[in-house]
Structures are given as C-alpha cells and as structure tokens.
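The values are calculated or read from the model by the stated rules, or taken from the named source; none is laboratory data. The structure displayed is predicted, hence computed values, not measured ones. Positions of Cβ are backbone-derived with ideal geometry, glycine not excepted, and every protein chain shown enters the neighbour counts. Accessible surface is based on the protein model in full, side chains and every heavy atom, while ligands, DNA and RNA are left aside. Shrake-Rupley method; radii C 1.70, N 1.55, O 1.52, S 1.80 Å.
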2 protein chains.
Amino acid sequence: MSRLTAAEIDTALEALEGWVPCTAGKTIERQFKFKNFNQAFGFMTSVALEAEKRDHHPEWFNVYNKLHITLTTHSSGGVTEKDIGLARFINDLNSGKTS
Amino acid sequence: MSRLTAAEIDTALEALEGWVPCTAGKTIERQFKFKNFNQAFGFMTSVALEAEKRDHHPEWFNVYNKLHITLTTHSSGGVTEKDIGLARFINDLNSGKTS
C-alpha cells in the first residue's frame with residue numbers, strides 16, 4: 001500500500017475532525033479526553049477489536065481519562081489509506097455513529 | 001499516602017522482576033513484549049479491571065505486541081505502596097499467578 005503525500009493527508013484530514021499530521025507527515029495523531037478511566041478504556045477496547053479485525057493497529061498512550069492515538073503504516077513508512085480508514089472508524093465511534 | 005524514598009523503592013523492586021525506577025525516582029516502569037496485539041491487549045484488559053477496582057491506574061503506551069507501563073501516584077508526587085502493589089499484581093498476572 002502506497003504512502004500518502006502531505007497534500008493527500010491534508011485533504012483526507014479535512015473530513016477527520018481532530019487529527020493532525022505529525023512526525024514530518026509520517027503519522028496522524030489525535031488526542032481524546034473522556035469522563036474517566038472506565039470510559040477511556042472502554043473506547044480503547046472497541047478500537048482494539050476493530051484494529052484486530054482490520055489487522056491494522058494503533059500506537060497509543062493512555063493515562064486515566066486521556067488517550068493519545070498515533071496511526072502509521074510501518075510497512076509503508078508513512079500514512080496510508082489504512083490509517084485514514086481506522087481514523088474514520090475511531091471518529092465515528094467517538095461521535096456515536098458506530099458501536 | 002507518603003512517597004517512598006529511593007532506598008525504599010530499590011528494596012521493593014528487588015522482589016519485582018523487570019521494574020526500574022525512572023524520572024528521578026518519581027515513577028517505576030516496566031516493558032513487556034507479547035506474542036501479538038491480541039495477547040498484549042488481553043493483558044492490558046486484565047490490568048485495567050484490577051486498576052479500576054483499586055482506583056489506581058497505570059500510564060501506558062502500547063504498540064502492537066509491546067507495552068510500556070509507568071506507575072506513579074500523582075497525588076503524592078512520586079512512588080507509593082499503591083504503585084508497588086499494582087506492580088506486584090501485574091507481575092503475578094504476567095507469570096500466571098493470577099487471572
């Protein structure tokens with residue numbers, strides 16, 4: 001799967017609230033803040049099940065109610081459509097459109 | 001709950017394989033490597049349920065099969081018996097003594 005250019009990432013992120021290109025365009029990242037740990041880990045669990053199904057996994061850091069997610073496609077050395085697709089799922093989950 | 005001294009942390013960690021004092025003695029940290037994401041996230045889920053029960057939560061970073069856990073007691077500004085207790089649970093879980 002081919003790596004998206006900076007312009008392609010920008011275009012994709014226009015429709016993905018909260019995500020920003022990081023690490024010189026090699027990742028897209030978003031921060032979430034939940035009510036408490038229960039809500040944060042519940043959200044992570046839904047993402048984990050979907051990630052496993054897609055065989056495409058996030059890098060993430062959680063402390064209590066905060067969650068920072070980094071998406072990248074290691075095999076392509078940057079951001080691909082796999083990351084955009086997972087980011088879309090995560091945003092839909094966050095806005096209650098899935099789950 | 002009072003913060004442990006560097007010497008107290010060292011003594012406690014003697015019985016806790018893999019944990020090291022970090023951040024100038026304000027945290028204890030350990031890295032785990034699992035077979036795959038399923039195993040890593042399954043382990044995180046067991047820790048999350050226990051953390052919620054104890055009302056004492058880890059800071060953690062996961063990427064695929066790797067998990068880095070940081071324990072600290074924010075309200076005490078360092079490492080307390082709460083962290084040692086959770087580290088012990090995590091090690092027991094890892095060695096199959098719990099769960």
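For the reader, a short list of remarks on this structure follows.
- Chain A - Kirkwood radius from inverse mean 1/r over Cα pairs (Å): 13.6 Å
- Neighbouring Cβ atoms from other chains, within 10 Å of the Cβ of residues in B:60-66, number 5 on average.
- Amide H contacts of B:Thr98 (H built 1.01 Å from N, under 5 Å, at least 5 apart or other chain): B:Leu93
- Candidates A:Val63, A:Val20, A:Val79, ranked by Gaussian network fluctuation over chain A, Cα under 10 Å, top entry: A:Val63
- Interface area, B with A, accessible, probe 1.4 Å, both sides summed, Å² nearest 100: 1500 Å²
- Sparse packing (at most 13 other Cβ atoms within 10 Å of the Cβ) combined with a DSSP loop state is found for the following trypsin sites (Lys or Arg not before Pro) in region A:2-99: A:Lys35, A:Lys97.
- Members of B:Lys66/B:Lys97; A:Lys33/A:Lys53; A:Lys97/B:Lys35; B:Lys33/B:Lys82; A:Lys35/A:Lys97 lying beyond 28 Å, as alpha-carbon distances in this model show: A:Lys97/B:Lys35
- Close amide H partners of A:Cys22, meaning residues 5 or more places away or on another chain with modelled amide H under 5 Å apart, are A:Thr27, A:Ile28, A:Glu29.
- Descending Cα extents along the principal axes, the protein assembly as shown, whole Å: 54, 32, 31
- Here B:Lys26 is the anchor, and the aspartates and glutamates within straight C-alpha reach of less than 18 Å, apart from those fewer than 8 places off in the same chain, are B:Glu8, B:Asp10, B:Glu14, B:Glu59, B:Glu81, B:Asp83.
- Dipole magnitude of region B:6-96, debye to nearest 20 (Cβ charges: Lys/Arg +1, Asp/Glu -1, about Cα centre): 380 debye
- The GluC sites (Glu not before Pro) found in region A:12-44 that occupy coil by DSSP, while having at most 12 further C-beta atoms within 10 Å, are A:Glu14, A:Glu17.
- Chain A: relative contact order in percent, alpha carbon pairs under 8 Å with at least 6 residues between: 33 percent
- Label-point separation, A:Asp10 to A:Ser46 (7 Å along Cα→Cβ), nm: 3.2 nm
- Taking a ≥ b ≥ c as the square roots of the eigenvalues of the Cα gyration tensor, an a/c ratio of 1.5 or more together with a/b no larger than b/c marks region B:23-66 as oblate.
- Estimated 222 nm signal from helices in chain A, with DSSP H stretches of n ≥ 4 weighted -39500 (n - 2.57), rounded to 500: -13000 deg cm²/dmol
- Taking the 1.4 Å solvent-accessible surface of region A:10-99 as the whole, the part contributed by carbon and sulfur is 49%.
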